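Read through the structure below, which is laid out as structure tokens, and then see the notes.
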Amino acid sequence: MDMNEIKEIFFQECEEQLAELESGLLKMNDGETDSETVNAVFRAVHSIKGGAGAFGLDDLVAFAHVFETTLDCVRSNKLDPGQEVMKVMLKSADVLADLTNAARDGGKIEPSRTSGLVKDLEALANGEAPSGASSFIEPVARVAAAPAAEAPKPSDDSGFQPIPFSFDDFGDDDTATAELPSFEIIFKPRSDLYSKGNDAALLLRDLRRLGDMSIHCDMSSLPPLDQLDPEAAYFGWKIWIKTDKGEEAIRQVFEFAEWDCELEIKSLESAPEATEELPMQPIPFDLSMLDEEPVMSMGVDEPSDDFSSAITAAQQATQATAQVVQAAASVAAPVVDRREGGDRRENNAAAAKATDNSGGANPTIRVDLDRVDRLINLVGELVINQAMLAQSVIENDSTGTQGINMGLDELQQLTREIQDSVMAIRAQPVKPVFQRMSRIVREVADMVGKSVRLVTEGENTEVDKTVIDKLAEPLTHMIRNSVDHGIESPEKRAALGKPADGTVRLTAKHRSGRIVIELSDDGAGINRERVKQKAIENDLIPADANLSDEEIDNLIFMPGFSTADKITDVSGRGVGMDVVKRSIQALGGRISIQSRPGQGSTFVMSLPLTLAVLDGMVVTVANQTLVVPLTAIVETLQPEASAIHSFGAHQKLIAIRNSFCPLVDVGRILNYRGTPANPVDGVALLVESEGGGQRALMVDAIQGQRQVVIKSLEANYTHVPGIAAATILGDGRVALILDVDAVVAASRGQALKIDNALAATG
């Protein structure tokens with residue numbers, strides 16, 4: 001495994017740490033300031049800082065260090081995490097995420113975005129109020145009793161910038177360091193340490209940060225070059241260090257490598273004197289040397305005892321091992337992650353490719369090991385079934401037909417189970433997307449001067465990762481709309497007897513083979529009179545239009561519609577909710593609105609669990625084969641002549657249990673035929689569509705129900721009005737998947753081509 005692969009794993013872990021940080025800070029913001037929550041937040045920032053330091057990400061390390069210092073004040077009860085403090089903390093978490101993303105993409109963010117927060121964090125750590133605070137934040141205990149101007153700053157001992165240092169003044173500081181505890185450390189790595197991606201050089205550098213250190217590299221085990229095993233570990237180190245951090249801090253340096261090395265730590269009454277065997281020469285050392293390619297040289301006559309030589313020796317050992325391990329790592333793509341949360345396996349093949357000149361990283365997912373094991377077992381069963389089926393075909397005796405039929409049945413069942421297993425592997429919880437929305441709420445609320453909190457439910461609801469990746473944009477627009485238009489100002493809420501803090505609730509749940517996401521707020525609801533008037537002013541509807549409440553609510557999804565009186569950074573340009581509708585429709589989903597004036601609004605999105613397969617009803621229309629998504633079908637009917645009623649010049653209705661439902665001739669809508677079909681000669685599919693209620697789709701016949709693989713028409717051909725996608729049937733024919741919402745909209749008088757053209761441009 002090369003350094004680029006390890007770096008990609010680090011950024012994947014950063015995503016988890018940032019999610020943990022966001023979750024913990026939100027708990028603290030809600031008043032949960034117990035030690036477990038605070039420590040979890042501190043560990044998240046500390047882990048990001050430690051990993052970033054290993055890769056020389058100086059901007060990220062510098063900001064994380066200041067953030068960590070302030071969190072340590074909270075952890076040690078020196079700072080009370082009040083409202084103003086948490087506001088700075090939450091903003092710092094957002095900036096930390098931006099710095100991480102910039103480091104991953106090889107870019108940087110403007111220093112102005114971090115400088116103000118750094119000052120606020122340092123002020124909080126020193127017992128002062130942040131620059132943006134309206135009132136003084138009284139800490140539980142002062143960091144120091146000195147005046148504010150002399151308040152101690154967090155010491156920069158983490159190597160934020162590659163700067164040279166030397167031991168020139170070591171002898172002059174004896175009086176200052178004489179009382180520090182001394183330790184002797186014996187550190188000898190095993191080959192497993194290098195094969196797992198650890199680096200002795202980085203461990204020694206982290207150890208150096210704890211205090212004054214002298215080090216001796218033991219190369220006595222190094223064999224002649226012709227006998228050297230590239231996978232073995234030959235070097236060891238004897239280290240003496242003076243530090244006030246204690247033995248526990250030393251062990252934390254080796255916590256991820258302790259099982260793969262010989263480690264002995266002894267407390268000494270005093271550090272060893274510098275002798276000829278342990279020379280203490282002033283040698284400048286630049287941490288940036290760790291980023292350089294080490295030179296592989298084994299021609300060393302005498303062991304070098306200074307720190308620089310020790311680092312070089314560690315790099316040589318790592319380089320020798322990496323050359324052999326890299327080839328094996330490219331084959332052994334699955335890596336088992338045995339941290340908190342159980343065993344997990346991830347595929348690093350994409351990560352290896354992500355380190356090309358493009359600078360971008362391919363997305364990855366983490367999968368429960370049990371799911372992978374189940375898939376492997378099913379593949380094994382499939383191989384056995386294939387062998388049995390082939391044997392039955394070869395024998396073809398009197399029992400051959402029966403054996404083939406049984407084999408085919410088992411093959412069908414195994415195929416479905418494998419498909420379900422693959423879908424389960426791709427399924428991921430919506431929690432990362434939901435957590436991202438917390439930042440949107442904070443930013444928009446600050447911009448419009450409102451106090452809003454986000455409440456999430458069902459964060460562990462799983463859905464296909466392709467759906468999750470495309471959820472962020474519509475949810476962002478909806479959150480901004482709820483905060484800007486839905487939630488009233490604090491003064492207005494107080495006058496109405498509502499809490500000053502508005503609430504936006506985001507929930508996810510499974511329902512009827514789909515995922516339903518609801519976004520609700522406790523704001524003013526939709527002002528239907530104003531919406532209708534704005535639509536008339538913008539020439540979106542005629543002035544004499546007679547619309548129901550539901551139809552008025554759906555006007556907000558029309559392109560160019562906005563109720564904002566002026567253009568701001570948040571709204572006013574008529575772009576937002578129309579994008580939401582197009583995005584949801586592109587995912588094969590539906591969106592509806594439920595609004596109560598004065599009480600709030602709820603947006604309900606119904607999405608498929610996956611964009612790869614769907615259960616559908618295969619039907620025939622004018623000698624064409626179509627697939628109707630099963631989730632849209634309520635029931636199937638065989639129309640009788642007595643149940644068919646004419647309405648107007650061309651419309652027909654079908655009577656269903658004392659109610660009437662419009663009949664939609666699918667063949668006419670899609671221009672498959674020029675004359676209307678006789679409803680009695682076909683089959684009616686009662687469907688539900690977004691905004692159109694129930695309709696009965698008229699088809700000629702039903703071939704059956706089956707699961708089909710979705711193929712995009714837009715990617716392989718072009719957009720076809722009224723058609724959502726395509727699939728390939730068992731006989732090799734291409735069948736089109738019906739866009740139920742578009743067909744129903746066309747039956748209500750909306751132009752099919754125009755409606756879908758708008759969706760295609762979205």
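When segment 460-469 is filtered for residues that are more than 22 Å from residue 30 (Cα to Cα) and surrounded by fewer than 18 Cβ atoms within 10 Å (Cβ to Cβ), the ones remaining, listed by number, are 465, 466, 469. When we screen 395, 417 for residues that are modelled with pLDDT of 75 or more and surrounded by fewer than 17 Cβ atoms within 10 Å (Cβ to Cβ), the only hit is 417.
Evaluate the following for residue 473: is it over 27 Å from residue 372 (Cβ atoms) and within 18 Å of the chain's Cα centre (by Cα)?
Details: over 27 Å from residue 372 (Cβ atoms): yes; within 18 Å of the chain's Cα centre (by Cα): yes.
It is true that residue 473 is over 27 Å from residue 372 (Cβ atoms) and within 18 Å of the chain's Cα centre (by Cα).
Residue count for segment 618-676 satisfying the condition of being under 26 Å from residue 727 (Cα atoms) and in contact with a helix residue (DSSP H, G or I) (Cβ under 6 Å, 6 or more places away or on another chain): 6. In segment 445-456, of all residues being touching a helix residue (DSSP H, G or I) at 6+ places or on another chain (Cβ under 8 Å) and under 17 Å from residue 603 (Cβ atoms), the one that is surrounded by the fewest Cβ atoms within 10 Å (Cβ to Cβ) corresponds to 456.
Scoring residue 711 on the criteria (1) modelled with pLDDT under 85; (2) of a type in the set (D, E, K, R); (3) closer than 24 Å to residue 551 by Cα leaves a single failure, condition (3). Scanning segment 453-469 for residues that are part of a strand (DSSP E or B) and within 17 Å of residue 479 (Cα to Cα) yields 453, 454, 455, 456, 457. Counting the residues of segment 247-264 that are surrounded by 13 or more Cβ atoms within 10 Å (Cβ to Cβ) and in contact (Cβ under 8 Å) with a residue 60 or more places away in the chain gives 7.
Go through 531, 516 for me and flag whichever is surrounded by fewer than 21 Cβ atoms within 10 Å (Cβ to Cβ) and assigned to a helix (DSSP H, G or I). Steps first, please.
On the way: 516 fails: assigned to a helix (DSSP H, G or I).
Selected residue: 531, the only one of 531, 516 that is surrounded by fewer than 21 Cβ atoms within 10 Å (Cβ to Cβ) and assigned to a helix (DSSP H, G or I).
Looking at the structure I just gave you, is residue 221 of a type in the set (S, T, N, Q), crowded, with 18+ Cβ neighbours inside 10 Å and at pLDDT 80 or above?
Details: of a type in the set (S, T, N, Q): yes; crowded, with 18+ Cβ neighbours inside 10 Å: no; at pLDDT 80 or above: yes.
Taking the combined requirement at face value, the residue does not satisfy it.
Of all residues in segment 533-565 being polar (S, T, N, Q) and under 17 Å from residue 579 (Cα atoms), which is modelled with the highest pLDDT? Top of the filtered list is 554. Could you pull out the residue among 544, 484 that is in a loop (DSSP other than H, G, I, E, B) and either more than 27 Å from residue 433 (Cβ to Cβ) or charged (D, E, K, R) (or both)? It is 544. Looking at segment 441-452, can you tell me whether even one residue there is within 24 Å of residue 27 (Cα to Cα), basic (Lys, Arg) and either out of contact with any Phe, Trp or Tyr (no Cβ under 9 Å at 6 or more places or on another chain) or outside any helix (DSSP H, G or I) (or both)? Yes - at least one qualifying residue is present in segment 441-452. Scanning segment 74-97 for residues that are of a type in the set (Gly, Ala, Ser) and closer than 16 Å to residue 18 by Cα yields a count of 3. Of all residues in segment 221-238, those that are without any contact (Cβ under 8 Å) to a residue 60 or more places away in the chain and over 42 Å from the mean Cα position of the chain (by Cα) total 6.
Could you check, for segment 663-675, whether at least one of its residues is surrounded by fewer than 20 Cβ atoms within 10 Å (Cβ to Cβ), over 30 Å from residue 420 (Cβ atoms) and in contact (Cβ under 8 Å) with a residue 12 or more places away in the chain? Outline the logic, then answer.
First pass over segment 663-675, keeping only residues surrounded by fewer than 20 Cβ atoms within 10 Å (Cβ to Cβ): 668, 671-675.
Going one step further and asking which of them are over 30 Å from residue 420 (Cβ atoms), we end up with 668, 671-675.
Now drop any that are not in contact (Cβ under 8 Å) with a residue 12 or more places away in the chain, which leaves 672-673.
The answer is yes; a qualifying residue exists.
The C-beta contact set for segment 581-598 (first residue within 14 Å of residue 524 (Cα to Cα) and at pLDDT 85 or above, second residue assigned to a loop (DSSP other than H, G, I, E, B) and of a type in the set (Val, Ile, Thr), distance under 6 angstrom, 6+ apart or interchain) comprises 595/526.
Search segment 704-719 for residues being of a type in the set (A, V, I, L, M) and in contact (Cβ under 8 Å) with a residue 24 or more places away in the chain, and hand back the single one that is surrounded by the fewest Cβ atoms within 10 Å (Cβ to Cβ). Only one residue tops the list, namely 709. Residues in segment 691-706 that are at pLDDT 90 or above and closer than 19 Å to residue 644 by Cα: 696, 697, 698, 699, 700, 701.
Go through segment 616-647 and report how many residues are under 40 Å from the mean Cα position of the chain (by Cα) and more than 21 Å from residue 700 (Cβ to Cβ).
Taking segment 616-647 first, the residues under 40 Å from the mean Cα position of the chain (by Cα) are 616-619, 625-635.
If we keep only those that are more than 21 Å from residue 700 (Cβ to Cβ) too, we end up with 631.
Number satisfying all stated conditions: 1.
Table: residues versus (1) of a type in the set (A, V, I, L, M, F, W, C); (2) surrounded by fewer than 18 Cβ atoms within 10 Å (Cβ to Cβ).
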{"residue": "442", "(1), (2)": "no, no"}
{"residue": "458", "(1), (2)": "no, no"}
{"residue": "473", "(1), (2)": "no, yes"}
{"residue": "476", "(1), (2)": "no, no"}
{"residue": "484", "(1), (2)": "no, no"}
{"residue": "496", "(1), (2)": "yes, yes"}
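Note on segment 640-662: residues that are among the β-branched types (Val, Ile, Thr) and in contact (Cβ under 8 Å) with a residue 40 or more places away in the chain total 2.
The values are calculated or read from the model by the stated rules, or taken from the named source; none is laboratory data. These figures come from a predicted structure and were not determined experimentally. Ideal geometry is used to build each Cβ from the backbone, glycine not excepted, and the neighbour counts take in all protein chains shown.
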